[in-house]
Amino acid sequence: MASFLSGYFPIPFFFKKDRLLISLNSLTRHWLGALVSVLPGIGWLFAAALIPGVLAGSILFYDLYQIQRSQLEQGALQTARALSMAVDNDLAGINGKLQILATTPSLQAGELQVFYARAREVLTTESVGEAIVLTDATGQQIINTLLPFGTPLPMTGHPDMVHRTVKTGRPGISDLYLGGVARRPFVAVEVPVWSDGKVAHVLDMGISAERLNRLLVEQDLPEGWVAALLDSQGTIVARSHHAPSSVGKKATPDLLAQMKMHAEGTMASRTLEGVPSFVAFTRSHFSQWTVVIGMPRHVLYGSFHRPLMLAALTMMAFLLGGAILAVTLGRHIREALENLRAAAEAATRGDLNAQAPLSGPREIACLAQQFNRMQAARKHAEAQLRLSASVFSAAAEGIIIADREARIINVNQAFTELTGYLHEEVIGKNPRFLKSGKQAPDFYQAMFQSLESTGRWQGKLWNRRKDGALFAVYMTISVVRDDSGAVAHYVALFSDITDVHRRQEDVASLVMQRTAELAAAKLEAERANNAKSRFLAAASHDLRQPLAALSLYVASLESRLAESDPRLLADMRYCVGSLNEMLSDLLDLSKLDAGVVAPNISDFSLEASIAKVVSAHAPAAKLNGLAFRYRDCDVIGRTDRVLFQRILGNLVSNAIRYTEKGGVLIGCRRRQGRMWVEVWDTGMGIPADKTGEIFEEFKQLGNPERNMAKGTGLGLAIVARMAELLNLQISVRSRPGKGSVFAVELPLGAHLERPAFPRATLRPLRIVLVEDNAYVAAALSRALASVGHQVLTASSRSGVHPRLDGVAPDLVISDYRLVGEETGLDVIASFRTCFGSSLPAIIITGDMDPDVMRRIAEQGIGVQHKPLDLDALLTCIEELAGQSAA
């Protein structure tokens, strides 16, 4: 199959056949239009129909003229938007690099000479600008990379922008100014440098007008078009034509007037050289600069004159020729042309079998013959396309088609099934993301050497699926070259051969017989599971709403009741904690069912993880009078550290709950060539016929009265779901009355990665809280204010926007379900529309609907579930605020 595909449909085949079909269809429509124009002019018999035909043609050409003009105008506006986006992307990239540079330890420590060297290195390696300047809050330059370190420096050339950055603490982009050192036109991207909670310095990147001019020229605008970039004052920053004489000048008065009234639009105007033009402009929300595209009128209208004149001359020629030949050939030609027109009309309707009779004068017969050949070619091309497309889609092998830069441009359905990646997730990527790491570096070097020398490579290699699992494939890669012999595309075909040596004929037969039964059972299980998730989502929201306020009020009352009535406080904490544990376990199951938990695979110290589990559960073991020990495990594991630690913690918690005397032990053991982490207990044990039931939801063998002291009955169910997500095995050995051993598989890792920089200290934040429950809102507002945050509270988004005075908050917190049809996602979307899509936000919810949690995760919004844990909420706020500041 692989050899057949590689020789049968290389991807250029699709492109060539597609171009052929487009050209054949265009030619058919062109012939039909010509025939319709000729027929009214044949003979005096059609004289009465000629004048209406000419009028109809004129109206058609006029409508075509208007449509093409409108399309060109809209195209110019779209070009202006695209050019504005390109400028914004360039400036945003520079802004990001500056913000990273502003956190350089040498700058924070005041080591200016070290920072000067770092800034020079950034300019040399990044190619982002011409100069990096550090100024103090007054605008006095401290460092300028255009001059040696220590050289006396003048004031900055844009003090107003410096003062605004110091005042607001936000990055910005200056208007055009004359550099005080280089004495050339510059613009500057500025970011604040924070120290002790305030802006101590301003760091800016000077960008010359020449760089922006190059950016405009590189857009490859159509010939005759003029592009210009204006700052917020309407001054020309860059221009694609006559840039040296244009930079620094103001735009034309009529354009400035339009720019004051509209953020974007089109108008008739003149260029600086006085050329009448059509102008399209659009203003960037990021930089407040305006991109202007000018099309000279002669360019806009010139493309219409020639077709119109040619059409008029063609009509006159047909009229004259028809008048001369109508006497002798009118009837004969009319019949032949009618037959040809009927065949062309049938072809335009998609009839591939339409044929023109070879009758009439020799010229028309030749035309009919050419038409019939074109129909045959079109029919063959469409048949080839359908066959190629069906083979591509139905192929059992995975197929990757990449361009000459090895970027993926298409994959088939078998690829998505083999790797787990969707079509849109891989387009534009290099296939290297599938590498497993098991091949040596010289393996791929030999592969590319074979492709360069022979144009083909085939062999076996290991890849990694989206879920992290390894699979072996047999791959064939072919090079497709263009007419000049250069590489045009790569076509790779591969088959999964992981289980080839383990397949047995009787297993395959059994699988075929049982497929229908398993599919029906799976469908029924998924339907029941979805119904359960929806029920839990609805019930959880109503329970968490009062529990959220209760949890916060208990935290607030702790300092007041600790001495006067400690028993009452302990009972309250127990009740709230029990409810919280039950709902949290339900939430964990719902998140796992929804598929929104994405494993973060990394290497980690098993000993450190065990130490955290022991620290968390040692008090409970001591309270029950149990010995709690663990053996040193100097092992580096490789899986999701947090999920694995949760699995181990649930196993330990379960062992402590069901052990009345003796103790619990954690240890490691190699068995059957794999590493296992084991939890031993001397508890009640599990009957052999019940070991499969203990991993079911709400199943507790030793707790018929459903005592909350014995847990929720969800711990082992969560363990099973997490192990399945991580592709780990769980084993159980138990003897009733003697104890049990739970073992979880642990893949081994190689090394540990440590963070490069410490996390920054959180500053007091301006937080918007949208909550329609007055009790929850009051409790949460009081709790946040107690740690130094400023909180603006409202029951809906309309109640808080006017109080912001146009100043963006640092963070938005919203309940998910609000009054009416409004949700927290609507609230956050409105704030991000006003203040930027990167505004940090948190959803507070008791909803466990998988669809709701999936939509929240897709929008990059933090989630805190009711009942709220104040420490967890503050940690989440700190993480989001830290990411925003970075």
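No value in this document is a laboratory result; all are computed from the given coordinates. In this text the structure is predicted, and so the values were computed from the model without any measurement. For neighbour counting, all protein chains shown are included, and Cβ atoms are generated from backbone atoms with ideal geometry for every residue, glycine included.
I'd like to compare 725-735, 392-402: which one has the highest average count of other Cβ atoms within 10 Å, and what's the full order after that?
Values: 725-735: 15.5, 392-402: 18.2.
By packing density, highest mean first, the sequence is 392-402, 725-735.
Between Val819 and Phe443, 0.36 nm times their residue separation minus their Cα-Cα distance comes to what?
Values: separation 376, 0.36 × 376 = 135.36 nm, distance 6.13 nm.
My answer for the length gained is 129.2 nm.
Taking a ≥ b ≥ c as the square roots of the eigenvalues of the alpha-carbon gyration tensor, the stretch 322-459 is classed prolate because a/c is 1.5 or more and a/b outweighs b/c. So if R0 is 56 Å, what FRET efficiency would Glu223 and Lys460 give, r being the distance between their Cβ atoms, rounded to the nearest 0.05? About 0.60, to the nearest 0.05. Counting 0.36 nm for each residue step from Glu607 to Leu313 and taking away their Cα separation leaves a gain of 96.9 nm.
Let a ≥ b ≥ c be the square roots of the eigenvalues of the Cα gyration tensor of the stretch 766-885; is it rounded (a/c under 1.5), or, if not, prolate (a/b larger than b/c) or oblate? Numbers along the way, then the final one.
Working: a/c = 1.13, a/b = 1.07, b/c = 1.06.
Rounded.
Quick check: the distance between the Cα centres of the stretch 63-124 and the stretch 390-416, to the nearest angstrom? Using only Cα atoms, the two centres lie 35 Å from each other.
The listed peptides 412-418, 443-449, ordered by packing as a protection proxy, come out as 412-418, 443-449 (highest mean of other Cβ atoms within 10 Å first). With a simple spin-label model that places each label point 7 Å from the Cα along the Cα-to-Cβ direction, the separation between Glu126 and Arg164 comes to 2.2 nm.
Going highest first, how would you order 115-124, 646-655 by mean Cβ packing within 10 Å?
For the peptides 115-124, 646-655, the packing ranking is 646-655, 115-124.
Residues Cys366, Cys876 in ascending order of nearby Cβ atoms (within 10 Å, fewest first): Cys366, Cys876. The simple spin-label model puts a point 7 Å past each Cα toward its Cβ; for Ala396 and Leu422 those points are separated by 2.9 nm.
Shown here for the stretch 384-480: trypsin sites (Lys or Arg not before Pro) in loop regions (DSSP other than H, G, I, E, B) with at most 14 other Cβ atoms within 10 Å, namely Arg404, Arg407, Lys429, Lys438, Lys466.
The phi torsions of the stretch 395-401, fed into the Karplus equation with coefficients 6.51, -1.76 and 1.60 and a -60° offset, translate into couplings of 4, 6, 7, x, 10, 10, 10 Hz, rounded to whole numbers, with Gly and Pro shown as x. Couplings 3J(HN,Hα) of the stretch 211-228, computed from phi: 5, 5, 4, 4, 4, 5, 5, 5, 6, 6, 5, x, 4, x, 6, 10, 10, 9 Hz, in residue order, whole Hz [Karplus 6.51 cos²θ - 1.76 cosθ + 1.60, θ = phi - 60°; x for Gly and Pro]. Here the 3J(HN,Hα) profile of the stretch 152-162, calculated from phi with Karplus coefficients 6.51, -1.76 and 1.60 at θ = phi - 60°, is x, 10, x, 5, 5, x, 9, x, 4, 5, 4 Hz, Gly and Pro shown as x. Taking 0.36 nm per residue of sequence separation and removing the Cα-Cα distance, the Leu451/Val275 pair yields an extension gain of 57.9 nm. Summary of the geometry: the stretch 620-649 and the stretch 221-300, compared by the centres of their Cα atoms, lie 67 Å apart. Using R₀ = 25 Å, calculate the FRET efficiency as 1/(1 + (r/R₀)^6) where r is the Cβ-Cβ separation of Thr138 and Leu256; round to 0.05. For R0 = 25 Å, the calculated efficiency reads 0.20. The simple spin-label model puts a point 7 Å past each Cα toward its Cβ; for Ala182 and Ser245 those points are separated by 2.4 nm.
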